[in-house]
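Participant: Attaching a single structure in structure tokens format; questions to follow.
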Amino acid sequence: MAEGTHSFPSDFVWGTATASYQIEGAWDQDGKGLSIWDVFTHDASLMQDKGASGDVACDSYNKYPEDIALMKDLGVSSYRMSLAWPRIIPDPISGEVNEKGVAFYNRVIDALLDAGIEPSVTLYHWDLPLVLEEKVGGWASEDIIPYFLKYADVCFDRFGDRVKFWITFNEPDIFIDHGYVLDWHAPGRADFKDIGPYPVSFNVVRAHGKAYRLYDEKYRPTQKGRIGITLNCDWSQPKDPSNPADVEARLRYFQIKIGLFTNPIFVNGDYPEELKERISSRSEPGKSRLPTFTEEEKAYLKGSSDFFGLNYYTTRLVASKPMEDTPGYLGDKSYEGQTDPSWPRAVSNWLYSVPWGLRKLLGTIKNDFGDPDIYITENGFTTQPGVLHDPDRIQYLREHLTELSKAINEDKCRVRGYYLWSLIDNFEWHQGYKERFGIYSIDFSDPARPRTPKDSVAFYRQVVQSGKV
Ligand code: NOJ
């Protein structure tokens, strides 16, 4: 495909994305409280990259002016960042606000605006205050919801005069699956392995809906911003489209991956009917493992996102794997996600480049979820540490942006913006620093954490500045 032939609307939002725990460091500075990730990494037993942590990370707590200068040079108009809850309210049980934490984010937000860059702010990108996990039960307990609302209220109140784009939760399916069903991520509990993620996602989706209503009623009239949620979804393609079992398996995959959120938020305030029936029939009589919303909950959940935030990285071929006799979550799924040997793989073992999957997924979001405004809130590719020549990342980005342009111009998907993950190499959760997503490289052995451009910087700058790929 010749370059320069795929264009984007003139008001398209170009951005880069990061998250607090992955870049800030300063884990115990200026009154910040502990998060579940601080203890998960310090214990290290469940980390793949032993000894890696976000204690210093990219030191963006101190080096944020440099990050902003890099973005200014790229020409992006927006920066997707997240707030560290334990920096703002170190002990949510006492509820006291840490003014130094608030002052830090005020400095970042003001410096962004001075540089002509709009902040897009995620409230929860996984760094839960430890106290809430230990004393309240984390997201497994519905008692956490009022604490989240208090935090959201403080953020809207303190930053909403300047922040006009809010995301409540980043990828709830991933932090629930990896932290409560598996033990890959903090809090490393895995006690929902058999029950499935349902009770946890029930709490998270209600916390989202209530935070949306809080903003809508108390802040939107004066602040006039937008608020939504970011969901991660691989495109799922039936392995054999002519086999009805694979087609059904693909639907189960989609409903379990994001239907727990998309259906209540974008469709009808409730879980998909097929899912309700399936989980109930596979639970003890009268005690479905999938909780039930009240009418009041359905009412505040329906329509509780001003846009669809999508993190797209990859695709799976979904094959039916009959496991109906297996009790619990595994049997609920009864599918297997596979890949195709022709798909180029990144350093991350789960990340295969499948650009057409993005276009298909965008079409499904348009058709199934009421043609919402869509923001690609993350998309990116990993290379090895230290690599500066990254033609495979450039190819991934070029091909995904080409498909995105077709989705906008030909399929009329209302995609309003794109955030590349990530501006800088950073702490990739349990993989630590082994896999690098940045378009700027960071040498994590150097205390100064120097930022060095990879080849993809020039590529992305050209796209952003020309509005074409
Ligand atoms: C999704 C997450 O939001 C982000 O934190 C993570 O680094 C990227 N995907 C890459 O895995």
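Participant: If you check every pair at least six apart or on different chains, which have Cβ atoms under 6 Å apart with a residue in region 154-173 that is under 22 Å from residue 90 (Cβ atoms) and within 16 Å of the ligand (Cβ to nearest atom) first and a residue that is modelled with pLDDT of 95 or more and in a helix (DSSP H, G or I) second?
Facilitator: Listed by first residue and then by second, the contacts come to 168/208; 168/211; 169/208.
Participant: Among the residues in region 99-106, are any of a type in the set (A, V, I, L, M) and away from the ligand (no atom under 16 Å from the Cβ)?
Facilitator: Here is the first cut: in region 99-106, the ones of a type in the set (A, V, I, L, M) are 102-103.
Adding the requirement that they be away from the ligand (no atom under 16 Å from the Cβ) leaves 102-103.
Yes, because at least one residue in region 99-106 is of a type in the set (A, V, I, L, M) and away from the ligand (no atom under 16 Å from the Cβ).
Participant: Take residue 208 and tell me if it is in contact (Cβ under 8 Å) with a residue 60 or more places away in the chain, over 29 Å from residue 158 (Cα atoms) and within 16 Å of the ligand (Cβ to nearest atom). Even if it seems obvious, please write down each step before you answer.
Facilitator: Working: in contact (Cβ under 8 Å) with a residue 60 or more places away in the chain: yes; over 29 Å from residue 158 (Cα atoms): no; within 16 Å of the ligand (Cβ to nearest atom): yes.
Spelling it out, it is not the case that residue 208 is in contact (Cβ under 8 Å) with a residue 60 or more places away in the chain, over 29 Å from residue 158 (Cα atoms) and within 16 Å of the ligand (Cβ to nearest atom).
Participant: Same structure, new question: Is one or more of the residues making up region 226-238 of a type outside the set (Gly, Ala, Ser), crowded, with 16+ Cβ neighbours inside 10 Å and more than 21 Å from residue 364 (Cα to Cα)?
Facilitator: Residues of region 226-238 that are of a type outside the set (Gly, Ala, Ser), as a first pass: 226-227, 229-235, 237-238.
From what is left, the residues that are crowded, with 16+ Cβ neighbours inside 10 Å are 226-227, 229-235, 237-238.
Next, only the ones that are more than 21 Å from residue 364 (Cα to Cα) stay: 226-227.
Yes - at least one qualifying residue is present in region 226-238.
Participant: Hey, another quick one. For region 221-338, give me every one of the strands (runs of 3 or more DSSP E) that falls completely inside it and has 3 or more residues that are basic (Lys, Arg).
Facilitator: Working: elements: 226-232, 235-238, 308-311, 315-320, 335-338.
It comes to none.
Participant: Within region 295-315, is even one residue more than 23 Å from the chain's Cα centre (by Cα) and crowded, with 18+ Cβ neighbours inside 10 Å?
Facilitator: Just the residues of region 295-315 that are more than 23 Å from the chain's Cα centre (by Cα), to begin with: 295-299.
Add one more test, that the residue is crowded, with 18+ Cβ neighbours inside 10 Å, and what stays is 297.
Yes, region 295-315 contains a residue that is more than 23 Å from the chain's Cα centre (by Cα) and crowded, with 18+ Cβ neighbours inside 10 Å.
Participant: Can you report the number of residues in region 22-62 which are assigned to a helix (DSSP H, G or I) and in contact with a Gly (Cβ under 9 Å, 6 or more places away or on another chain)? Steps first, please.
Facilitator: Looking only at region 22-62, we keep the residues that are assigned to a helix (DSSP H, G or I), and these are 22-23, 36-43, 60-62.
Keeping just the survivors that are in contact with a Gly (Cβ under 9 Å, 6 or more places away or on another chain) gives 22-23, 36-38, 40-41, 43, 60-62.
Within region 22-62, residues that are assigned to a helix (DSSP H, G or I) and in contact with a Gly (Cβ under 9 Å, 6 or more places away or on another chain) number 11.
Participant: Related question: Please specify each residue of region 187-220 satisfying the condition of being part of a loop (DSSP other than H, G, I, E, B) and among the acidic types (Asp, Glu).
Facilitator: Keep residues of region 187-220 that are part of a loop (DSSP other than H, G, I, E, B), which gives 187-197.
Scanning region 187-220 gives 191, 194.
Participant: So, residue 375, is that one hydroxyl-bearing (Ser, Thr, Tyr), more than 16 Å from the ligand (Cβ to nearest atom) and in contact with a strand residue (DSSP E or B) (Cβ under 8 Å, 6 or more places away or on another chain) or not?
Facilitator: Values: hydroxyl-bearing (Ser, Thr, Tyr): yes; more than 16 Å from the ligand (Cβ to nearest atom): no; in contact with a strand residue (DSSP E or B) (Cβ under 8 Å, 6 or more places away or on another chain): yes.
Spelling it out, it is not the case that residue 375 is hydroxyl-bearing (Ser, Thr, Tyr), more than 16 Å from the ligand (Cβ to nearest atom) and in contact with a strand residue (DSSP E or B) (Cβ under 8 Å, 6 or more places away or on another chain).
Participant: Now for a separate question. How many residues are of a type in the set (D, E, K, R) and near the ligand (Cβ under 8 Å from one of its atoms) if we restrict to region 409-429? Working first, answer last.
Facilitator: Quick first cut of region 409-429, residues of a type in the set (D, E, K, R) only: 410-412, 414, 416, 425, 428.
When the remaining residues are screened for being near the ligand (Cβ under 8 Å from one of its atoms), the result is 428.
Of the residues in that region, 1 qualify.
Participant: Can you confirm whether region 161-169 contains a residue that is crowded, with 22+ Cβ neighbours inside 10 Å and under 14 Å from residue 203 (Cα atoms)?
Facilitator: Checked against the condition, which is being crowded, with 22+ Cβ neighbours inside 10 Å and under 14 Å from residue 203 (Cα atoms), region 161-169 yields at least one hit.
Participant: If you check residue 74 against the conditions, is it over 24 Å from residue 42 (Cα atoms) and at pLDDT 95 or above? Full working, then the answer.
Facilitator: On the way: over 24 Å from residue 42 (Cα atoms): yes; at pLDDT 95 or above: yes.
When the stated conditions are applied, residue 74 passes them.
Participant: Hey, any hits in region 445-464 for a residue that's among the aromatic types (Phe, Trp, Tyr) and within 16 Å of the ligand (Cβ to nearest atom)? Lay out the reasoning, then the answer.
Facilitator: Keep residues of region 445-464 that are among the aromatic types (Phe, Trp, Tyr), which gives 459-460.
Filter once more, so that each one left must be within 16 Å of the ligand (Cβ to nearest atom): none.
No, there is no match, as no residue in region 445-464 is among the aromatic types (Phe, Trp, Tyr) and within 16 Å of the ligand (Cβ to nearest atom).
Participant: Just the residues that are surrounded by fewer than 23 Cβ atoms within 10 Å (Cβ to Cβ) and not charged (D, E, K, R), please, taken from region 241-252.
Facilitator: 241, 242, 243, 244, 245, 247, 251
Participant: Let me ask something else. Which numbered condition in (1) of a type in the set (Gly, Ala, Ser); (2) part of a strand (DSSP E or B); (3) in contact with a helix residue (DSSP H, G or I) (Cβ under 8 Å, 6 or more places away or on another chain); (4) crowded, with 20+ Cβ neighbours inside 10 Å is the only one that residue 380 fails?
Facilitator: Unmet for residue 380, out of (1) of a type in the set (Gly, Ala, Ser); (2) part of a strand (DSSP E or B); (3) in contact with a helix residue (DSSP H, G or I) (Cβ under 8 Å, 6 or more places away or on another chain); (4) crowded, with 20+ Cβ neighbours inside 10 Å: (2).
Participant: Let me ask you something else. With free of Cβ contacts under 8 Å to residues at least 40 places away in the same chain and under 30 Å from residue 436 (Cα atoms) as the only criterion, which of 367, 379, 349, 311 stands out?
Facilitator: Details: 367 fails: under 30 Å from residue 436 (Cα atoms); 379 fails: free of Cβ contacts under 8 Å to residues at least 40 places away in the same chain; 311 fails: free of Cβ contacts under 8 Å to residues at least 40 places away in the same chain.
So the residue among 367, 379, 349, 311 that is free of Cβ contacts under 8 Å to residues at least 40 places away in the same chain and under 30 Å from residue 436 (Cα atoms) is 349.
Participant: Filter region 92-142 down to the residues that are surrounded by fewer than 22 Cβ atoms within 10 Å (Cβ to Cβ) and of a type in the set (S, T, N, Q), then identify the one that is nearest to the chain's Cα centre (by Cα).
Facilitator: Once the filter is applied, the top-ranked residue is 141.
The values are calculated or read from the model by the stated rules, or taken from the named source; none is laboratory data. Quick caveat: nothing in here was measured; it's all calculated off a predicted structure. Quick reminder, even Gly has a Cβ in these numbers, built from the backbone with ideal geometry, and neighbours come from all protein chains shown.
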